Amino acid sequence: MAVQTVPTKGNLLATKKSLELSRTGFELLDRKRNILIREMMALIDRAASIQDKIDTTYAQAYKALQMANIASGICYEVSRTVPVENGLNVAFRSVMGVEIPMVSLTEHNDPIPYGLSSTNSMMDRAYERFNEVKRLTAELAEVENSVYRLADAIKKTQKRANALKNIMIPRFEETVKFITDALEEKDREEFSRLKVIKSQKTAKSQKNA
């Protein structure tokens, strides 16, 4: 690629400064990418663990509910007594400038909402297990959303780092070399010109003597 910059000392200093900034920027982006990748990998492992817990807890909850239905009949009326969950809270934390959600459920110390006379321990167990599923689902939503956000940030960071490494830094390096070579050639020409002038003056002095 042809360099369009005029080969002056001022442009050389400016290009060297831009080159140094680009190298520093690449190092920072590379560090950011590595930190985000570590954070994402940890969350992926956590998500897998939560998913396993959810699967197990769901199985336990549906088994307990099935046993309660067998013992007490279909539990439609009981299900209507369970209040709608409205204690979901979302906050955010920053990881290298990436906003990561923190999802939580407000702890309720309310007693079991349905009457105990018409239910059994299997119903209580199903209620507890489904409550646990609800908590785990909120936690999984937090982790999976965080993974998606981190993956997107990693992709953008990688793209910027690649642009610096493969385009901007080589371009600045080429410009520095072009200007340096041009200035050195100019200095050599100036030195040769002065040498010729000096030789001519010496010869003239000797002739006049």
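The values are calculated or read from the model by the stated rules, or taken from the named source; none is laboratory data. These figures come from a predicted structure and were not determined experimentally. Here the Cβ is made from the backbone with ideal geometry for all residues, glycine too, and neighbour counts use every protein chain on show. Side chains included, ligands, DNA and RNA excluded: accessible areas come from the protein's heavy atoms. Shrake-Rupley method; radii C 1.70, N 1.55, O 1.52, S 1.80 Å.
Within segment 1-28, the set of residues being touching a residue at least 12 places away in the same chain (Cβ under 8 Å), more than 31 Å from the chain's Cα centre (by Cα), in a helix (DSSP H, G or I) and surrounded by 13 or more Cβ atoms within 10 Å (Cβ to Cβ) comprises ASN11, LEU12. Which ones in segment 50-68 are charged (D, E, K, R) and at pLDDT 90 or above? Residues satisfying the conditions are ASP52, LYS53, ASP55.
Yes or no, residue by residue, for (1) open to solvent by less than 30 Å² (accessible area, probe 1.4 Å); (2) of a type in the set (Phe, Trp, Tyr); (3) not in a helix (DSSP H, G or I):
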position: LEU136; (1), (2), (3): yes, no, no
position: ALA151; (1), (2), (3): no, no, no
position: LYS156; (1), (2), (3): no, no, no
position: LEU164; (1), (2), (3): no, no, no
position: MET168; (1), (2), (3): no, no, no
position: PHE172; (1), (2), (3): no, yes, no
position: GLU185; (1), (2), (3): no, no, no
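Among residues of segment 29-84 being among the acidic types (Asp, Glu) and touching a residue at least 60 places away in the same chain (Cβ under 8 Å), the one that is nearest to ASP152 (Cα to Cα) is GLU39. Restricting LYS63, LYS32 to those that are open to solvent by 60 Å² or more (accessible area, probe 1.4 Å) and either farther than 30 Å from GLU174 by Cα or in a helix (DSSP H, G or I) (or both) reduces the list to LYS63. For ALA163, the stated conditions do not hold, so it cannot be described as out of contact with any Asp or Glu (no Cβ under 6 Å at 6 or more places or on another chain), small (Gly, Ala, Ser) and touching a residue at least 12 places away in the same chain (Cβ under 8 Å).
Within segment 141-177, if we keep just the residues that are among the small types (Gly, Ala, Ser) and touching a strand residue (DSSP E or B) at 6+ places or on another chain (Cβ under 9 Å), the residue that is nearest to LEU21 (Cα to Cα) turns out to be ALA153.
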